[in-house]
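Reading through the C-alpha cells given below for one structure.
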Amino acid sequence: MSRNHEAFTRAQKVLVGGVNSPVRAFKGVGGEPLFLRRGLGAHVWDIDERRYIDYVGAWGPLILGHAPPAVVKAVQDAAASGLAFGAPSEAETALAEQVCACMPQIEQVRFVSSGTEATMTALRLARAATGRDKVVKFEGGYHGHPDAFLVKAGSGALTLGVPTSPGVPASVAAHTLVASYNEPASVEGLFREQGADIAAVIVEPVAGNMNCVPPAPGFLAHLRRLCDEHGALLILDEVMTGFRVARGGAQALYGIRPDLTTLGKIIGGGLPVGAVGGPRKLMQRLSPEGPVFQAGTNSGNPVAMSAGLATLAALSTEGFYPALEGKVRRLTTGLEEAARRHRVLFSTTAVGGMFGLFFRAAPISTYADVMQSSVPQFQAFHRLMLDEGVYLAPSAFEAGFVSAAHGEEDIAQTLAAADRAFARLSRAA
Ligand code: HOZ
C-alpha cells in the first residue's frame, strides 16, 4: 500500500472527504488526491517521493514557483519578529502602496485573509454605495463561497455538480442575477429589466474557474458602459488574474477601469491574503471611516504582508511577464501540436501566466463552449500525465498556471509526456 493511500485513508476519518477544499479531492478526475510533502521551483514531491512538474501552483499565486528564496527569507525574518499582531504594522502600508502603484484605479486597500472575504466585502460595499441589493454574476464564474455567489458557480461547485449550493437561502439567491460570460446581450437584458436594482456586476476578467476563457474583444468595455449607464458598480474579481496576467492585472492588460478590485493570495506570496481596493471615496465607506462593517484579526498579518512584498518586488524585474507569457505559449502551442499529431480534438487558451486545456475544437468563448469539451477525455489525459510526473489541476474546469521557475526543460518534458498521453488517448478512441 502506498503512503499516499494510507495518508488519504487516515485523513478521511477526521477531515471531510479527506480534504479541506473540495477540488483537490480529485473527484473531478477520479483516483486519490496527491498528498504533497514539499515544493521547490516548478516541482512538487508527494509523500511517496515522486516528483511532479506542477501546473497548479497553489491555484495560481505561486508565480515565482515553490519556496522562492527571497520570499522564504522574508517570511522567516517576519515570523521571527512575531507571527501576528492584530495591530497595524508598517508592512501593511508598504504592500498597500505597492498595490496602488501597480493598479492606478486603486487608491485605498483593505487587506483580508482570502479571496472569499474580498468579494464578500466588495459586494457589501457596492450595495451600501448604491443602495441596491442585486448583483450580476456569470454562469461558471466563481468568486469564493459567499452565499451571494454560490449561484451557478464555477470551480469546485461546477466540478462536483452542485453549482447552486444548498444552504443558500432562496431570499439571498433571489438577489443574484446570472448572465452568460462573453455574451453581452445577456447582461443588457438583465439591466433592461432590473437595472434600477442592480448594485454591481462582478466578473473574473479572464474566466478562470470554468477552465480558462479570455474575454471576447470589447466584452469588458461593454460591461463598463452598461454599469455607467445604469449607475451600477463594476467589480473586477482579479483574485486569479491580479499580478498573474500582467503586473497591473487584467485591468491593465485590457484597459478597463473597475470601481472595485478584488485580489487574492498572490499578494501574499501564496499565504492566506486577499484584498479589496478602489477609489478613496468608495473605500471610505468601510469601517472605521464609514458605516460598512468589515473586520479580521489576521487581516494584514505581518508574515503574509512580508511574503507579498517580496513577491511583488520580484515581479517588477524587467521582462518578467514577456518571459512568463513565452513559456505559456511554448507549452500551449506544443500541446496543440502534439494533439494534432495524434488526431485528438483539442485546443488551448492562454493569457499571461495562465492557460486552459479543452478537449474540443477552438474557439472557446462561452460557458456553453466549455461544457462541450469532453470531460472523460480530460480525466484520462490527467491520469496519464500524472503517471508521467506532470501535475495538472484535477478538474476540467480549472485554469493552469506556469511560474517563473518553470524552465525550458520542464516544458520539454511536459510536451514529451503529452505526446505519449495523446498517443494513448488516440489508440483508445
Ligand atoms: N478554488 C480553488 C480553485 N479555483 C481550489 C482551492 C483548493 O482546492 O485548494
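Read-outs: derived from the displayed coordinates by stated rules, not from any lab. In this text, all values refer to a predicted model and were calculated from it rather than measured experimentally. Counting neighbours? That spans all protein chains shown, and the Cβs are built from the backbone with ideal geometry, glycine included.
Worth pointing out:
- With a Förster radius of 35 Å applied to the C-beta separation of R424 and A11, the computed FRET efficiency comes to 0.70.
- FRET efficiency estimate (nearest 0.05) - Cβ-Cβ, R341 to A252, R0 41 angstrom: 0.65
- Summing Cβ point charges (Lys, Arg +1; Asp, Glu -1) relative to the Cα centre of region 76-195 gives a dipole of roughly 460 debye.
- Where labels lie 7 Å past Cα in the beta-carbon direction, separation of Q413 and Q284 in nm: 5.5
- At q = 0.21 Å⁻¹, base-10 log of I(q)/I(0) for region 244-396 (Debye sum, equal scatterers on each alpha carbon): -1.33
- Of K137/K265; K73/K281; K152/K327, those spanning more than 31 Å from alpha-carbon to alpha-carbon: K73/K281; K152/K327
- R225 versus V375: modelled label distance in nm, points set 7 Å from Cα along the beta carbon direction: 3.6
- When the P(r) is computed for region 82-178, the part past 23 Å accounts for 39% of the Cα-Cα pairs.
- Two-decimal Rg/Rh across region 164-289, once Rg and the Kirkwood Rh are taken from alpha-carbon atoms: 0.97
- Here's the picture: charge each Lys and Arg Cβ at +1 and each Asp and Glu Cβ at -1 in the chain, and of N209, P61, G30 the one pushed furthest to the positive end of that dipole is G30.
- Ordering Q108, Q12, A96 by Cα displacement along the dipole of region 1-129 toward the positive end leaves Q12 in first place; charges were set at the Cβ atoms of Lys, Arg (+1) and Asp, Glu (-1).
- From most to least packed by mean Cβ count within 10 Å, the peptides 259-267, 6-14 give 259-267, 6-14.
- Calculated SAXS-style log₁₀ I(q)/I(0) at q = 0.13, 0.24 Å⁻¹ - region 125-200, Debye, Cα scatterers: -0.38, -1.14
- Under 5 Å from the amide H of A200 lie the amide H atoms of V136, L233, each residue being 5 or more positions distant or on a separate chain, with H modelled from the backbone and absent for Pro and chain starts.
- Computed from the Cβ-Cβ distance with R0 of 22 Å, the FRET efficiency linking T297 to S81 stands at 0.80.
- Charged-residue dipole, Cβ positions (Lys, Arg, Asp, Glu), the chain about Cα centre, Debye nearest 20: 600
- Cα-Cα pairs of the chain separated by more than 39 Å (percent): 16
- Taking 7 Å steps out from each Cα toward its Cβ at A174 and D133 produces label points 0.6 nm apart.
- About the centre of its Cα atoms, region 112-262 shows a dipole size close to 200 debye [charges on the beta carbon of Lys, Arg (+1) and Asp, Glu (-1) only; nearest 20 debye].
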